[in-house]
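In what follows, a single structure is set out as structure tokens and then discussed.
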Amino acid sequence: MKLMWFHLMPYTELPDDFRDKNPSVWVDIHSSLFDPKRAHHMYNDFMDELEYAAECGFDAICVNEHHSNGYGLMPSPNLIASSLARRTTDTAICVMGNSLALYNPPTRVAEEFAMIDVISGGRLIAGFPVGTPMDTCYAYGTNPSQLRSRYLEAHDLVIRAWREKDTFAFNGRYNQQRYVNIWPRAIQRPHPPIWIPGGGSVETWQWCAEMDYVYCYLSYYGYKAGQALMDGFWAEMSRIGKDRNPYRAGFLQFVGVGESRQHAYDLYSEAAEYFYGRCLHVDPRWAVPPGYVSEATQAAGIKSQVQQAAGAGAIGSTTGTRFAGVAREMEAIVDRGYVIIGSPDEVAEQLREVARSLNVGHLMLLLQFGNMGKQLCRYNTRLFSDAVMPKLKDVFGEWEDRWWPQPMDAAQRAEVPAFSPRLAAE
Amino acid sequence: MNEPATTTIQDAGLEETIIDINGFATRVWRKGVGPKLGFLAGLGGLPRWMPFLDRLAEQRTVIVPSLPGFPGGDRGHSVLDTHLDWLLAVRETLDKAGLAGADLAGSSVGASLAAEMAAVWPAQVRKLALIAPFGLFDEKNPPTDPWAQRADAVPGLMCANPEIWKAMKAIPDGANSIEWPIEQNRASEAAARIFWPLGNTRLEKRLKLIRAPTLLLWGNEDRIMPISYADRICKALAGPHDLRVIGCAGHLAELDQPGAVAEEILDWTA
């Protein structure tokens with residue numbers, strides 16, 4: 001299986017009373033809470049951490065896109081990915097991803113992803129999320145009633161821009177461009193592997209299957225909450241005649257490794273409670289812009305609420321609605337499976353079980369979360385790579401991962417000199 | 001589509017007709033006698049008939065076509081991508097509902113479209129009555145964002161008396177418990193489709209084209225659209241106009257004060 005190291009880049013110094021004094025971590029979070037000189041260190045620490053994860057042997061390092069968000073400091077993940085392309089050599093670079101409807105023209109995504117693919121020698125995984133309501137409809141003002149059709153059209157434009165050899169005209173419903181002809185062209189042919197982070201919409205599952213894309217469920221609520229959803233995904237794959245190749249799917253999981261379970265509990269409580277307490281404090285008025293949820297998904301949600309006695313224990317239908325019932329204390333955070341903690345053996349055993357029960361071949365691990373500092377992050381990352389990773393490498397060895405980057409031969413790739421700042425005396 | 005089928009659906013003389021707008025079955029309600037008076041509903045649309053329309057129907061033939069995507073308007077909004085698409089769809093709706101050249105009233109988002117009709121096609125509207133229309137945006141005094149609200153805050157934003165909004169939106173006995181809430185969400189989506197994100201369609205630039213005598217009505221407790229917009233609109237209107245403020249009324253003043261609002265409109269269009 002693939003073990004991928006994911007960074008959200010949370011602002012790590014939200015005040016203790018953040019929840020009491022602020023309506024939301026997202027959309028209208030106040031600028032006075034942002035100290036650019038502190039963020040200078042955060043960004044550099046975070047990028048160090050991603051590079052360190054690559055050194056430690058993780059299969060991929062992952063970044064993603066958020067806007068006006070106190071727990072996600074990457075409005076442009078491509079900026080980070082381009083830096084990582086220069087500072088790493090063999091690790092896949094997973095941009096998870098670019099919210100296609102937000103780019104005008106979406107050709108920009110085809111260009112920037114091609115740039116990262118070329119700079120990195122063909123190591124890019126291209127993620128195409130629709131994007132959360134907070135990012136797309138509120139922070140970026142995209143019309144929720146057009147978001148999905150704009151997304152699908154932008155996807156078609158990007159794919160054509162990657163595939164077609166000659167300049168072409170794109171005559172879309174929302175995008176018209178007379179001369180589409182991107183330079184550079186991606187190394188991976190016909191294009192980098194495409195992964196789709198999504199919620200529990202059957203239409204998205206069917207589309208991923210039809211297009212042969214990886215479907216990723218990037219939830220902050222761990223394997224227990226994810227089980228029913230991934231069961232639904234695999235049932236749908238089976239219904240439409242697709243195999244159970246676990247590499248069709250990706251899943252996000254928070255993990256904290258220590259010498260023992262208690263040690264891990266003590267080490268990671270503060271960071272976990274910071275994340276679930278402050279970072280997921282989102283004003284419910286940002287939850288459901290009208291039209292964001294398709295009517296088919298609304299109908300399924302209403303039926304399921306009826307079946308589940310008015311939604312007790314149900315996961316909400318959008319990122320925003322899911323925040324309402326989140327556990328914020330460490331005991332419940334662990335109990336509900338949001339964060340897997342333990343000794344290396346215990347973590348390996350749990351992740352083996354998670355991978356098997358969810359049938360997920362691409363496990364995206366959050367080993368930095370909340371206000372976790374660089375030192376603890378390195379400890380978690382190193383201990384995982386030394387003592388957990390070896391115990392998981394054999395999982396799903398019987399399956400082929402057809403959705404993984406195909407880089408240039410290492411021998412053909414450019415040599416990237418190590419960074420060495422000039423001495424002041426020179 | 002075949003010739004429209006007319007069905008009397010209530011014993012009080014309310015008729016429902018279905019017309020075809022861009023391939024979507026669109027409901028037209030009609031009641032009363034006398035000269036025609038059209039009404040285009042506001043945020044939330046008309047999931048059910050309301051007392052305000054009965055008051056109008058006492059003196060006029062009230063014709064109430066649904067707007068695309070609003071209750072009775074199917075998914076008509078889903079094919080409208082531009083402002084011009086919307087205006088053409090509403091123009092076609094008015095024509096097929098028999099409202100060409102008639103008096104026209106509208107509320108909130110419907111008032112915005114009624115104003116557009118009078119501005120772009122002056123012969124389309126005889127006299128105009130607008131209840132707190134959408135379409136303008138003042139940075140110093142922005143309207144409340146109706147699409148970024150906690151669900152429990154919405155009734156109090158729409159009406160001075162939130163119970164009236166709740167009653168308007170309550171699921172009737174025998175209605176489909178899945179379809180009904182989806183239809184109400186769709187009304188919100190349809191409004192968002194044309195007015196997202198600021199409510200600013202730049203209607204202000206076209207107000208000078210309106211020649212029809214225009215009555216502006218505003219609830220004194222409108223918590224969506226500040227009453228300062230009334231002055232702005234009055235300044236931009238080239239034709240005869242008047243402003244009346246309705247007491248004890250919110251954004252959808254016709255819901256809070258059906259009698260007072262109907263009386264003003266009947267007077268203006270008499």
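Data overview
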quantity	calculated
Diffusion constant of the stretch A:2-412 at 37 °C, which comes from Stokes-Einstein with the Kirkwood Cα-pair radius and 0.692 mPa s, µm²/s	152
Estimated 222 nm signal from helices in the protein assembly as shown, with DSSP H stretches of n ≥ 4 weighted -39500 (n - 2.57), rounded to 500	-10500 deg cm²/dmol
A:VAL27, B:VAL261 arranged by Cβ crowding within 10 Å, fewest neighbours leading	A:VAL27, B:VAL261
Inter-label distance for A:SER238 and A:ALA418, nm, one decimal - labels placed 7 Å from Cα along Cα-to-Cβ	5.3
Virtual paramagnetic centre 7 Å along Cα→Cβ of A:MET408, amide N under 18 Å, in the stretch A:70-95	A:82-93
Fraction of alpha-carbon pairs over 51 Å apart in the protein assembly as shown - percent	21
The stretch B:128-144-the stretch A:350-375 distance, computed between alpha-carbon centres (Å)	49
At least 15 Å along the helix axis (C-alpha) and Kyte average at least 0.5, DSSP helices within chain B	B:109-120
Karplus (6.51, -1.76, 1.60) ³J(HN,Hα), θ = phi - 60°, over the stretch A:352-366, in Hz, Gly and Pro reported as x	4, 5, 4, 4, 5, 6, 8, 6, 10, x, 10, 9, 9, 9, 9
For the stretch A:36-178, the fraction of alpha-carbon pairs in successive 10 Å shells from zero, as %	11, 38, 33, 15, 2
Low-density loop cleavage sites - trypsin sites (Lys or Arg not before Pro) in the stretch B:168-270, where at most 13 other Cβ are within 10 Å (DSSP)	B:ARG202
Calculated over the stretch B:139-228: convex hull of Cα atoms, volume per residue (Å³)	150
Using alpha carbons only: equivalent-ellipsoid semi-axes of the stretch B:6-269, gyration tensor based, whole Å	24, 21, 19
Sparsely packed trypsin sites (Lys or Arg not before Pro) within the stretch B:70-151, loop by DSSP, other Cβ within 10 Å at most 12	B:LYS140, B:ARG150
Distance (nanometres) between label positions extended 7 Å along Cα→Cβ at A:GLU398 and A:LEU33	4.8
Where labels lie 7 Å past Cα in the beta-carbon direction, separation of A:ASP90 and B:ILE227 in nm	7.4
Exposure proxy order (Cβ contacts within 10 Å, fewest to most) of A:SER32, A:SER145, A:SER343, B:SER228	A:SER32, B:SER228, A:SER343, A:SER145
Enclosed volume per residue, in Å³, of the convex hull spanned by Cα atoms of the stretch B:176-216	116
FRET efficiency estimate (nearest 0.05) - Cβ-Cβ, A:SER304 to B:ASP95, R0 35 angstrom	0.25
Inter-chain Cβ neighbour average for residues B:174-181, partner chain, 10 Å	2
Filter on A:LYS224/A:LYS391; B:LYS127/B:LYS235; A:LYS224/B:LYS166; B:LYS127/B:LYS166; B:LYS140/B:LYS205 - keep pairs with C-alpha separation over 28 Å	A:LYS224/B:LYS166; B:LYS127/B:LYS166
Span from the the stretch B:248-270 Cα centroid across to the the stretch A:92-160 one, whole angstrom	48
Sequence-separation-based contact order of chain A, relative, with Cα cut under 8 Å and 6+ spacing, percent	22
Neighbour cut-off at most 12 other Cβ (10 Å), DSSP loop, GluC sites (Glu not before Pro), the stretch B:105-182	B:GLU139
Cα pair distances exceeding 20 angstrom across the stretch B:114-270, given as percent	54
Stretchable slack from A:ASP166 to A:LYS21, in nm (0.36 nm times residue separation minus alpha-carbon distance)	46.6 nm
Exposure proxy ranking, count of Cβ atoms within 10 Å, fewest first, for A:PHE168, A:PHE46, A:PHE6	A:PHE168, A:PHE46, A:PHE6
Cys residues of chain A counted as unpaired, since no other Cys beta-carbon is under 4.7 Å	A:CYS56, A:CYS137, A:CYS208, A:CYS216, A:CYS279, A:CYS377
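All of the numbers you see were taken from the coordinates with simple rules; none came from a lab. Just so it is clear, the structure is predicted and the values come from calculations on it, not from any experiment. As a convention, Cβ positions derive from the backbone with ideal geometry for all residues, glycine included, and neighbour counts pool all protein chains shown.
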